[in-house]
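Notes follow the structure.
Here, each number is a calculation from the coordinates, and none is a lab measurement. The model shown is predicted, which means the values in this text are computed figures rather than measured ones. All Cβ positions, glycine included, derive from the backbone under ideal geometry; neighbour counts span all protein chains shown.
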Amino acid sequence: MNKLTKALEDCQTNQEKAFIPYIMAGDGGLDRLKSQLLFLEKSGATAVELGIPFSDPVADGPVIQQAGIRSLKNGTTLKDVLKKVMEIKNDVNIPIILMGYSNSIMAYGLKEFTEDCLQAGISGCIIPDLPIEEEAIFSSIKTAGILLIRLVTLTSSQERITEITAGAEGFIYAVTVKGITGTRDVFGGELGGYLKKVKDLSPVPVLAGFGISTPDHVRDAIQSCDGVIVGSKIIECFETGKENQISELIQASKGLVRK
Amino acid sequence: MSTYTQPDKTGHFGAYGGRFVPETLMAAITELEEVYDQSKKDPEFQEQLSYYLKQYIGRETPLYFAENLTKLAGGADIYLKREDLNHTGAHKINNTIGQALLTQKMGKKKVIAETGAGQHGVATATVCALLKLECIIFMGEEDIRRQKLNVFRMELLGAKVISVSQGSGTLKDAVNEALRYWVANVDDTHYIMGSVLGPHPFPVIVRDFQSVIGKETKRQYTEAVHSLPDAVVACIGGGSNAMGMFYPFIEDETVKLYGVEAAGHGLDTHLHASSLTKGKPGVLHGAFMYVLQNEDGQIQEAHSISAGLDYPGVGPEHSYLKDTNRVEYTSVTDDEALEALVMLSREEGIIPALESSHAISYGLKLAKEMGKGTGLVICLSGRGDKDVETVQSLIGGSEHE
Ligand SMILES: Cc1ncc(COP(=O)(O)O)c(C=O)c1O
């Protein structure tokens, strides 16, 4: 069984919420990857979203943009990232989801990308500039058993949410802001209703992400869904050596049992 | 050739185009597609558009027989489509007026746009002043430094200019930032894309609004010469003036079409903007198209003496027309373009934009190879006033007592 599917099922069985942190591959050097993954695994994260640096990340806010630029300055390529993951895969257990833009995968070559992901034990892919209308060209990723995670947003109509969730794999990534990634102070009041609506329609777990940056955000969001994804805040914490705050965020997700 | 029907319903030109955008934008571009389709059948909208094209922009523009240039070339008769005579000095406004009217039709009050040299920014700010729309222009900090006068022009017209320092601080980064702003403000904001780029339906909308160039040219040429031209030449940045010029001729197989990219310092250097010649297919700014990129898929900086051609991609329809060989794509260096600018100024008393000078340069070469009695149209996409300072710094003015 796919490692990510298994991890999400375990959450469900144990009546736990999922927590998926995002880190940028190659930020601080690829040699740091193993220790970051092990730290997150040990702290209780359900899976890790591993960002692939791209020169033109239109869905990302300043924090992730800067992390990407730092990574690119280190010379990180997608080839290097997959090679590194292959190298450490016997030491790391936590499921890994790649988050990368369409062009990175196309430039790699779809066939090679799929093969290398399988070898590296990658569980899934999130492609933020790939709406369902364009998914067909990446179908070989799905065929190989790598989960293609779909996103829904606050602007997706009921009709679209139905269509997107109908063919969903792994989990649904419910984007919680009208906007790009980045930390936020407050969320719009429509959030709870929106998450519940997505959850009602989705056959797979629904995880909320974009802007979630405090333990309170985490506690709020998990009332209406199956877990959270935290990006910019995790990057900031690793960047400034505040790993303890990462643990606090993860703990916040454990505080509530499924209703 | 069978009837040309690109793109398909999903916005693909063969393999190219599509909608590679964050899910948040899907609702907005679907709405845009619907409103645009309605507007095509809406006589009131079409009447409004024609009114502004004629009374505000000054269309139609002349198709001018360049007699001196023709003599100099000694081959084909050369005609210039005078897009430089439009209000604001380039073809860009053909598109911005159309999209601003669409913005009104959608009930949106705010417009954003990207700009490199400032031409599209000025054309957007202009129509926003006219139609009372709030206007925000995203411009790379590097370009703001290089194009101070156009920044002031936009501000004079009431637009807010936002300096983009992200990435390399140039046009592609301005597009990224405009897209990010759009994702966050999509409810009340329309993004006026400046060329035949971006997710479907933008490449179609921009092509259609610009195809007034080719439609007029075809009619004017036929009236004057009683046949179709043998060849048509246009410069290519993102590809909007070329697409507007070519589109009405695509099914006329006898008309050869030539798109001219910027070769910058030369195609064997890294300093050029020849995406179709030196790039490979990839996704940038929402569409699958030819893009300048490295092996890892990182987008590379383009270079051209003309800021309007300085973009590392070329729209999806051109990518398709390249692969199907309907259009021949070629390139002209900075030096050749500069030389053509001076030449046209001296020969015809017309100072062309540096962008258009690329088309002039190639057109002159081509006319020499074509026999007498043949006809060639060059799209003179804009006037050169904006470039006078650049040109002066490169070739120097003579000293005066
Ligand atoms: C005068 C002129 N010509 C051509 C271009 C290139 O754009 P496109 O290829 O979309 O026509 C520009 C862009 O700013 C321009 O100002």
The answer for the net charge of residues other than A:LEU72 whose Cβ lies under 12 angstrom from its Cβ, with Lys and Arg +1 and Asp and Glu -1, is -2
Could you give the size of the charge dipole of the range A:1-70 about its Cα centre, using +1 on the Cβ of each K and R and -1 on the Cβ of each D and E, expressed in debye and rounded to the nearest 20?
180
For chain B, build the convex hull from the C-alpha positions and give me its volume per residue in Å³.
140
Return the whole-Å distance between the Cα centroid of the range A:15-42 and the Cα centroid of the range B:199-258.
53
Would you mind pulling out the separation of the Cα centroids of the range A:138-164 and the range B:30-84, in Å?
42
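Would you kindly give the portion of the calculated P(r) for the range B:1-136 that falls above 17 Å, as a percent of all Cα pairs?
Details: 6494 of 9180 pairs.
Tail of P(r) above 17 Å: 71 percent of Cα pairs.
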Determine, for each peptide in B:321-334, B:235-248, A:180-193, B:200-213, the mean count of other beta carbons within 10 angstrom over its residues, then list the peptides with the highest first.
B:235-248, B:200-213, B:321-334, A:180-193
Positive-pole candidate from A:THR153, B:HIS285, B:LEU130, dipole of the protein assembly as shown, charges at beta carbon:
A:THR153
Under unit Cβ charges (Lys, Arg +1; Asp, Glu -1), what dipole magnitude, rounded to 20 debye, does the range B:262-401 have relative to its Cα centre?
620
Tell me the label-point distance for the pair A:GLU87, A:GLN158, using the 7 Å Cα-to-Cβ offset, in nm and rounded to one decimal.
5.3
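Would you mind calculating the relative contact order of chain A from Cα pairs under 8 angstrom and at least 6 residues apart, reporting the percent as a whole number? Each step should come with its number before you reach the end.
Values: 474 pairs, mean separation 56.5, N = 259.
The normalised contact order for chain A reaches 22 percent.
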GNM of chain B, Cα pairs under 10 angstrom: of B:GLU67, B:GLU141, B:GLU317, the biggest fluctuation goes to B:GLU67
Computed, not fitted: 222 nm per-residue ellipticity of the protein assembly as shown from DSSP H runs ≥ 4 (each -39500 (n - 2.57)), nearest 500, equal to -13000 deg cm²/dmol
Peptide B:295-302 - average C-beta neighbours from other chains (10 Å radius)
6
For the charge dipole of the range B:340-401, defined by +1 on Lys and Arg C-beta atoms and -1 on Asp and Glu C-beta atoms about the Cα centroid, which residue among B:LEU344, B:GLY373, B:GLY363 has the Cα displaced farthest towards the positive pole?
B:GLY373
Return, ordered by residue number, the residues of the range A:118-138 whose backbone nitrogen is under 19 Å from a label point located 7 Å along Cα→Cβ of A:LYS34.
A:119-122
Sparse-neighbourhood loop sites, trypsin sites (Lys or Arg not before Pro) in the range B:1-83 - DSSP loop, at most 13 other Cβ within 10 angstrom
B:LYS9
What residues qualify as long-range amide H neighbours of B:GLU114, i.e. H under 5 Å apart, gap of 5 or more or another chain, H built at 1.01 Å from N?
B:PHE138, B:GLY194
I'd like the distance between the alpha-carbon centres of the range B:102-163 and the range A:185-245, rounded to an integer number of Å.
36
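Quick one: if you take sqrt(5λ) for each eigenvalue of the C-alpha gyration tensor of the range B:56-122, what semi-axes come out, biggest first, whole angstrom?
On the way: eigenvalues 235, 33, 13 Å².
In descending order the semi-axes read 34, 13, 8 Å.
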Of the listed peptides B:83-93, A:32-42, A:161-171, what is their order by residue-averaged count of other C-beta atoms within 10 Å, with the highest listed first?
B:83-93, A:161-171, A:32-42
Cysteines in chain B that, by Cβ-Cβ distance, have no pairing candidate under 4.7 Å:
B:CYS235, B:CYS379
